[in-house]
Amino acid sequence: WLPPMGVRELLESQAKAGAKRVICQTMVPDLGLAPVSQTYTRVGSEELSVFDRTVSTTRWNVQTEGMPIQMDIWFDPSWTMVRTKMQAPFGALQASLSTKEEAMRDTGEEPELFISLFIYPTGDANALQHASRALFRLRSRNGEPLEMPTAGAQTVMEDDEEGILLQIDRDGRQPPQQWPVDPATSGRSALIDPEDEEVMKLAAQVMASIPDSATDFARADGARELVYRWVTRKGLATAFASASETARSRTGDCTEHGVLLAAILRSMGIPSRVATGLVWIEGVNAFGWHLWTQALLNGEWVDLDATREGPFSAGHILVATSPMQDSDGQRQLMALLGMLGNLDIEIVQLER
C-alpha cells in the first residue's frame, strides 16, 4: 500500500502516461489501520478561480472502499490539490485552497449538521416518550435497500419493498448467543481504554456501591448511572474523545458518554460495544442521530444509554454496533454516512 503522497505521485505519473483510471491501495486514517482500495477516475478539465486568478485544473472522481459516498478532487498543472467536494445525502462538503486571511474570515455563518439531520416522523408520536414497545417503518429516500440489525431491544419484523418494520421493546432482549463473542468487545482500543487508571477508578466506584448479591444488570446499570452523573459538562463541543479523556475532563456529548460507559463495563469484566442510531427527542418531536452502549449480560446484549436518567427507551432505533476496535471501529461508523439525510420514519404503533 502507499501513503497519501505516494498515491498522489502514482496518480500524477499514470495520468501523464494517459491513464483515465488508477486503482491503488492506501491508508485512510478515518477508516482504521487496514489498507483500503481507492479508484481514481478522470472526469475532465475545468477552469477554477484560485487566489483571484483562473487556473486550469483536472478533475478526478475518487471511490474509497468502505466509504458509502464519493469525492471529487481538482488538481492544478503542478498537481497541487486545489479543491475537494464530497456529496453526501445531507448536502455537499467542499474544501478549497485559499489564503490564511480568506480562511479565517468571519462569514457570520456557522455550519450546522446536527439539527439539519433531524428526522420528523409520520404517525402519532404523542405517547412515544413513555411507550414500552414501538413499531417503526423505515424507508430510504433514494430507494436503496436498508440493512438494520436485530440486536438488544430491536427486532427486524419485516424487510420488503415497503421498507423495514422494526419493533423496539424497551425491556426486551434477544435470545442468549450460542456463538463465540467477539474478543474485541472485551479488549482495549484508542477510544475505549478500560485499563486507564482513571477509568479503573470509576469502575471501582461502581463495584463498591453495588452489593455482592446484585444482578449483572444492576452492576451494568450502576455504571450507566455513574457516567450520567460523572459527565457534568454536557454539550456538542467535544469531537469524539476517548474514555480516558472523558474520565478526566467530565465533558462530552453522547459519544463521550457511550465510550466511557463501554470502557468502565470492560474494566468491570463485562463485554461491551457502542450502538449507533437514532433517538426520539422530546420537545423537538424528531429523531436525532445518537450513540449509546450495549453490555453483554448472560449472553444477551442489553441497551444502556448513559445520557438519560433511565436505562433505555422505545424511542431508540439501532442502525449499527461496533466494538470500536482500532482496525475497524471508524470504518463501521463511516458506513453510516450513506444514511444521513436519507431516511424516512413512520410510527406504526405504540404500546404503553
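Annotations
- The range 219-253 - residue that is open to solvent by 20 Å² or more (accessible area, probe 1.4 Å) and of a type in the set (V, I, T) and, of those, farthest from the chain's Cα centre (by Cα): T232
- Criterion: hydroxyl-bearing (S, T, Y), open to solvent by 50 Å² or more (accessible area, probe 1.4 Å) and modelled with pLDDT of 90 or more - qualifying residue of T84, T107, T99, T80: T80
- The range 183-204 - residue that is in contact with a Gly (Cβ under 9 Å, 6 or more places away or on another chain) and either β-branched (V, I, T) or open to solvent by 60 Å² or more (accessible area, probe 1.4 Å) (or both) and, of those, modelled with the lowest pLDDT: A190
- Residue list for the range 191-218, restricted to those being of a type in the set (D, E, K, R) and more than 23 Å from the chain's Cα centre (by Cα): E195, D196, E197, E198, K201, D212, D216
- Comparison of A306, A314 shows that the only residue that is over 17 Å from the mean Cα position of the chain (by Cα) and surrounded by 23 or more Cβ atoms within 10 Å (Cβ to Cβ) is A314.
- Within the range 135-166, restricting attention to residues that are more than 16 Å from N342 (Cβ to Cβ) and in contact (Cβ under 8 Å) with a residue 60 or more places away in the chain, the residue that is nearest to the chain's Cα centre (by Cα) is P149.
- Every pair of residues 6+ apart whose Cβ atoms lie under 9 Å, when the first sits in the range 51-63 and is among the aromatic types (F, W, Y) while the second is open to solvent by less than 30 Å² (accessible area, probe 1.4 Å) and part of a strand (DSSP E or B): W60/V22; W60/Y40; W60/D72; W60/I73; W60/W74; W60/F75
- Residue list for the range 167-182, filter: in contact with a Phe, Trp or Tyr (Cβ under 9 Å, 6 or more places away or on another chain) and surrounded by 13 or more Cβ atoms within 10 Å (Cβ to Cβ): Q167, I168, R170, R173, Q174
- Annotation note: Cβ proximity below 9 Å between a residue of the range 1-16 that is closer than 18 Å to S37 by Cβ and a residue that is at pLDDT below 95 and of a type in the set (D, E) (sequence gap 6+ or interchain) occurs for L2/E9.
- The single residue among E282, E346 that is closer than 17 Å to A131 by Cβ, modelled with pLDDT of 90 or more and open to solvent by 50 Å² or more (accessible area, probe 1.4 Å) turns out to be E346.
- The lone exception for R83 - which of (1) part of a loop (DSSP other than H, G, I, E, B); (2) over 30 Å from A190 (Cα atoms) it fails: (1)
- Of all the residues in the range 198-240, those that are touching a strand residue (DSSP E or B) at 6+ places or on another chain (Cβ under 6 Å) and more than 19 Å from R308 (Cα to Cα) number 1.
- Residue that is modelled with the highest pLDDT, among those in the range 52-75 that are part of a loop (DSSP other than H, G, I, E, B) and either within 28 Å of the chain's Cα centre (by Cα) or under 25 Å from M27 (Cβ atoms) (or both): E65
- Residues of the range 113-134 satisfying the condition of being under 18 Å from the mean Cα position of the chain (by Cα) and crowded, with 16+ Cβ neighbours inside 10 Å: L117, I119
- Tally, over the range 272-284, of residues that are in a strand (DSSP E or B) and either of a type in the set (A, V, I, L, M) or farther than 13 Å from S322 by Cβ (or both): 6
- Within the range 242-271, being touching a strand residue (DSSP E or B) at 6+ places or on another chain (Cβ under 6 Å), closer than 12 Å to L191 by Cβ and not in a helix (DSSP H, G or I) holds for no residue.
The values are calculated or read from the model by the stated rules, or taken from the named source; none is laboratory data. Because the structure is predicted, anything quoted here is derived from the model rather than measured. When we count neighbours, we look across all protein chains shown, and the Cβ atoms used for this are built from the backbone with ideal geometry, even at glycine. Side chains are part of the model used for accessible areas, which takes the heavy atoms of the whole protein and leaves out ligands, DNA and RNA. Shrake-Rupley method; radii C 1.70, N 1.55, O 1.52, S 1.80 Å.
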